[in-house]
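I have placed the structure first, in the form of structure tokens, so that the comments after it can refer back to it.
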Amino acid sequence: MTEATTAILEPTESNMRHAAELLRSGALVSFPTETVYGLGADATNDAAVTGIYEAKGRPSFNPLIAHVASVEMAQRYVVWDERAQHLADAFWPGPLTMVLPVLPDSGISRIVTAGLNSLAVRMPAHPLAQALLSECDRPIAAPSANPSGKISPTTAAHVFAGLNGRIAAILDGGSCGVGLESTIIGLGKTVQLLRPGSITQDQIKQTLHCDVSSFKEGEGISAPGQLLSHYAPTAQVRLNAEFFESDELRLGFGAVECDLNLSETGDMYEAAANLFAMLHDLDSRGSQKIAVSPIPLIGIGVAINDRLTRAAAPR
Ligand code: TXA
Ligand code: MG
């Protein structure tokens, strides 16, 4: 589906209503969340959800997250339990997605769940996302608003560069604060970390007082989006670079000489917020090679290294 030039909407009251109206009518609208920009469609509308897969070039086996305005709204679509309630009390609204059994008569399009019996639900914290969800008054399916396999967008300009002409509008909310996609937790018989994010495995353990297993490729329920090559710039990416070659663009961390620095002071949250924007920037400079300083594998550093490993994976 090719549309006219995608509109970039300033976040005014009337634009919010317009964006909600577009979503209700089945159109695709990108909106900011605290993690990355989402590409939204009415999760109860098969045709609208199909449009997401077409616009992104996303494989149809990769299910989507349903975004909700409240816990009550989530409870209409999934089998809620005590663990979900504890996690929601601790982390919602916020960058946590929970995968739970989908209710039989949920009304959620089967295309959202890619035919699975589970549904991923998330209540975002970004005020514009919340306002839009409340105004729509229905669940919004939203993957990250990038062409499939490419770097996730943290500004409206990134979304425009990747999807212009393929979606109706982008609600411009400036830069995303967290900068990495939500932590995904599978709440099946056991509790599984399906995708690391800014909310860490330890925080989940401490909240639920139970074991949280790490996701391993090919085991248990999977997050099909956890394909090894993902978030990939055009350039080749080299990780844990202690030194830089002369033909490499240098993405530094801490007190190093480089082209762009994720955080000069070694602040991991700052590094997470800068990661995708800096990869976008370096990739647009046309070099064939990007080298990245080591990032410690602790706290949010686990999620940063997860995204970097995927950006560096052979394709
Ligand atoms: O921060 C985020 O989560 C962003 C913003 C827009 O909310 N969204 C996002 O969506 O990252 P996406 O589609 O790029 O990643 C969703 C991930 C995929 O890896 C998908 O496989 C997984 O969630 N997923 C969705 N439904 C699932 C299910 N029922 N079971 C297991 N994994 C699921
Ligand atoms: Mg994505």
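The values are calculated or read from the model by the stated rules, or taken from the named source; none is laboratory data. Predicted, not measured: the structure shown is a model, and the values here were computed from it. With ideal geometry, Cβ positions are generated from the backbone for all residues, glycine too; neighbour counts draw on all protein chains shown.
Among residues of the stretch 281-304 being in a helix (DSSP H, G or I) and either free of Cβ contacts under 8 Å to residues at least 12 places away in the same chain or over 18 Å from the mean Cα position of the chain (by Cα) (or both), the one that is surrounded by the fewest Cβ atoms within 10 Å (Cβ to Cβ) is 281. The residues of the stretch 265-280 that are polar (S, T, N, Q) and either under 18 Å from the mean Cα position of the chain (by Cα) or closer than 11 Å to residue 233 by Cα (or both) amount to a single one, 274.
Taking the stated definitions as given, is residue 214 of a type in the set (S, T, N, Q) and surrounded by 20 or more Cβ atoms within 10 Å (Cβ to Cβ)? Judged against the criteria, residue 214 is not a match. Checked against (1) at pLDDT 95 or above; (2) surrounded by fewer than 16 Cβ atoms within 10 Å (Cβ to Cβ), residue 224 passes all but a single condition, namely (1).
Residue check: residue 172 meets all listed conditions (1) within 14 Å of ligand 1 (Cβ to nearest atom); (2) at pLDDT 95 or above; (3) surrounded by 18 or more Cβ atoms within 10 Å (Cβ to Cβ) but one, namely (1).
Out of the residues in the stretch 41-72 that are closer than 15 Å to residue 124 by Cβ and touching a helix residue (DSSP H, G or I) at 6+ places or on another chain (Cβ under 8 Å), which is surrounded by the most Cβ atoms within 10 Å (Cβ to Cβ)?
Out of the qualifying residues, it is 43.
Out of everything in the stretch 109-133 that is within 9 Å of ligand 1 (Cβ to nearest atom) and hydroxyl-bearing (Ser, Thr, Tyr), what residue ends up being nearest to residue 62 (Cα to Cα)? So, considering only residues that are within 9 Å of ligand 1 (Cβ to nearest atom) and hydroxyl-bearing (Ser, Thr, Tyr), the one nearest to residue 62 (Cα to Cα) is 113. When the residues of the stretch 153-182 are filtered to those that are within 12 Å of ligand 2 (Cβ to nearest atom) and in contact with a Lys or Arg (Cβ under 8 Å, 6 or more places away or on another chain), the one that is farthest from residue 94 (Cα to Cα) is 162. One residue stands out among those in the stretch 1-21 that are more than 19 Å from residue 162 (Cβ to Cβ) and of a type in the set (A, V, I, L, M, F, W, C): the one that is surrounded by the most Cβ atoms within 10 Å (Cβ to Cβ), which is 20.
Let's see how each residue does on (1) closer than 20 Å to residue 138 by Cβ; (2) of a type in the set (Asp, Glu); (3) touching a Gly at 6+ places or on another chain (Cβ under 7 Å); (4) modelled with pLDDT under 95:
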residue	(1), (2), (3), (4)
9	yes, no, no, no
16	yes, no, no, no
30	yes, no, yes, no
46	yes, yes, no, no
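For (1) away from ligand 2 (no atom under 16 Å from the Cβ); (2) touching a residue at least 40 places away in the same chain (Cβ under 8 Å); (3) out of contact with any helix residue (DSSP H, G or I) (no Cβ under 6 Å at 6 or more places or on another chain), each residue gets a yes or a no:
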position	(1), (2), (3)
114	no, yes, yes
119	yes, yes, no
137	yes, yes, yes
144	no, yes, yes
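One line per residue, one yes/no per condition, for (1) within 30 Å of residue 269 (Cα to Cα); (2) within 22 Å of the chain's Cα centre (by Cα):
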position	(1), (2)
28	no, yes
38	yes, yes
61	no, yes
77	no, yes
80	no, no
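For the stretch 243-280, filtered to residues that are within 27 Å of residue 34 (Cα to Cα), acidic (Asp, Glu) and in contact with a strand residue (DSSP E or B) (Cβ under 9 Å, 6 or more places away or on another chain), the residue that is surrounded by the fewest Cβ atoms within 10 Å (Cβ to Cβ) is 264.
Among the candidates 51, 26, which residue alone is modelled with pLDDT of 95 or more and part of a loop (DSSP other than H, G, I, E, B)?
Working: 51 fails: part of a loop (DSSP other than H, G, I, E, B).
Exactly one residue qualifies, and that residue is 26.
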